[in-house]
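Below you'll find the structure, written out as structure tokens, and then a few comments.
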Amino acid sequence: MASYSEVSEQLKKFLEQAVKGSEKAEVLVLHGRWGVGKTKLFHDEKNEIIEKIFFRLNPFRKCPTYVSLFGIESTEQLKRQMCFGDISQSVWQSIGRDILTFFRNTGDATALAMSFRRIKKITICIDDFERKGDKLAIKDIFGFISLLKEERHCNIILIMNEDQLSDEDKKEFHHHAEKLVDLTLTLNPTARK
């Protein structure tokens, strides 16, 4: 268990290496109870990295982005959120709004496939693991993360509250995480006196 500042430093280091173009894609899991500031920490560190080093190094590189699993029922829904949600600013920054609007409105599988193909060498934060839809299996999430890491060379930050998983889901999570996760951080800030 680590303090906010300790986890912040490790997360900052992970993001800096990812933005600078690390040789190997990695998966980081950030655990913590609801309300301790996991998501805020990611956004704060991401914004600091973007301001300090991202554009100075390469303004055309895709910046770290965020997607939520809240209520997502399939990997297809997750792909759609990644391609046409917040991540779209990174994926489509060089293409233009008109084309993005067209793809958003078509709902077409071809548009989704074309968009998803562009997701490469990017840092993606996947939040709300424990709030995924009931139809989305943990093994499917890890299969998707594996594809992003191994084939697309994406760095992944998975934010979750493990305490909210059922015992069966915890067991399955650890089974898959053992093979795919490179770094695990637990945010457990203590009250100041």
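The table below gives the values:
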{"item": "Exceeding the 18 Å Cα-Cα cut-off - candidates K79/K132; K132/K171; K12/K120; K20/K120; K24/K139", "result": "K12/K120; K24/K139"}
{"item": "1.4 Å probe accessible area per residue over segment 1-42, in Å²", "result": "53 Å²"}
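The values are calculated or read from the model by the stated rules, or taken from the named source; none is laboratory data. These figures come from a predicted structure and were not determined experimentally. For the accessible areas, the whole protein counts, side chains as well, though only heavy atoms, and no ligand, DNA or RNA atoms are used. Shrake-Rupley method; radii C 1.70, N 1.55, O 1.52, S 1.80 Å.
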